[in-house]
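Taking it in order: structure first as structure tokens, then the write-up.
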Amino acid sequence: MKNNLFIRLLVIVKIYILLNYFGGEIGHKIMYPINLLVTYLHEFGHALGALITGGAVERIQVNSDGSGFTMTAGGNRSVILMGGYIGSAVLGNLLFYVGSRSGQLVKPFMLILASSMIFTSVYWYNSMFTTLFLLAFGIAMILVALKTSFGSEVLMFLGLASILYIIKDFNVGPSSDLEKYAELMVFLPVVAWMYIWLFIVLILTVMNLRFVYRLVQSRS
């Protein structure tokens with residue numbers, strides 16, 4: 001089982017690298033919805049930050065160029081801002097963790113993720129593109145969960161792709177959130193918070209990989 005997980009991980013990393021760096025136009029098209037998923041996880045992280053601190057979510061938008069925004073009311077602003085970058089990393093690691101376990105959690109987790117996307121597309125509606133993308137991705141997740149046996153691999157790929165995308169673009173993606181966060185936490189400059197957030201994501205990912213490895217090793 002240990003070797004099986006290692007092989008699956010290597011294959012997923014290889015596919016990700018091939019699509020991103022050697023896939024050309026075809027690779028770009030395949031990765032396009034996955035990159036939009038990363039944007040959704042980022043915005044959903046903001047939404048969760050608002051909800052867990054007593055705030056409300058008014059709307060979520062995912063744009064065709066990969067950008068997005070979330071409008072919230074109330075809640076703790078610093079947690080909401082951190083929720084985008086760090087929250088999406090947590091969600092990405094959770095996707096990878098559940099997928100790597102290959103257990104009974106895979107199908108319900110995929111259905112929960114799909115439900116969150118469909119809920120967001122309707123209840124926090126802000127644009128037709130956002131709604132169509134989330135509905136399409138959500139339905140695709142449901143079909144994979146219910147009609148195929150590839151749920152584990154799909155979750156691992158989506159999770160790993162999300163984590164690597166977040167790490168690769170750490171100095172680009174969260175820049176606006178960082179600037180607003182630094183305005184609240186004035187005792188450190190923006191660049192310091194940028195590397196602190198990156199460090200948190202890296203530590204979280206390493207801990208997740210070690211935890212998964214130990215769990216699988218204990219069963220081998």
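All of the numbers you see were taken from the coordinates with simple rules; none came from a lab. Just so we're clear, the structure is a prediction, and the values are computed from it rather than from any experiment. Here the Cβ positions follow ideal geometry from the backbone for every residue, glycine too, while neighbour counts run over all protein chains shown.
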Max mean-square fluctuation residue, GNM over the chain, Cα-Cα springs under 10 Å, options I86, I203, I34: I203
Cα centroid separation, segment 97-112 to segment 1-52 (Å): 16
Extension gain from F150 to K29, taking 0.36 nm per residue of separation minus the Cα-Cα distance: 41.5 nm
Span-like helix ranges in the chain, DSSP H, alpha carbon extent 30 angstrom or more, Kyte mean at least -1.0: 24-52, 77-101, 190-219
Picking from S121, S88, S64, which is most flexible by a Gaussian network model of the chain using Cα springs under 10 Å? S64
Given labels modelled 7 Å from the Cα in the Cβ direction, how far is it in nm from F187 to F6? 4.5
Checking the a/c ratio against 1.5 first, then a/b against b/c, what shape does the Cα gyration tensor give for segment 1-96? oblate
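Taking a ≥ b ≥ c as the square roots of the eigenvalues of the Cα gyration tensor of segment 43-136, is the shape rounded (a/c under 1.5), prolate (a/b larger than b/c) or oblate?
Note, shape of segment 43-136 comes out oblate.
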Given the Cα-Cα distance of Y125 and K107 and 0.36 nm per residue of separation, how much length would full extension add, in nm? 3.9 nm
With a 10 Å cut-off between alpha carbons and a GNM built on the chain, which of M82, M207, M141 moves the most? M207
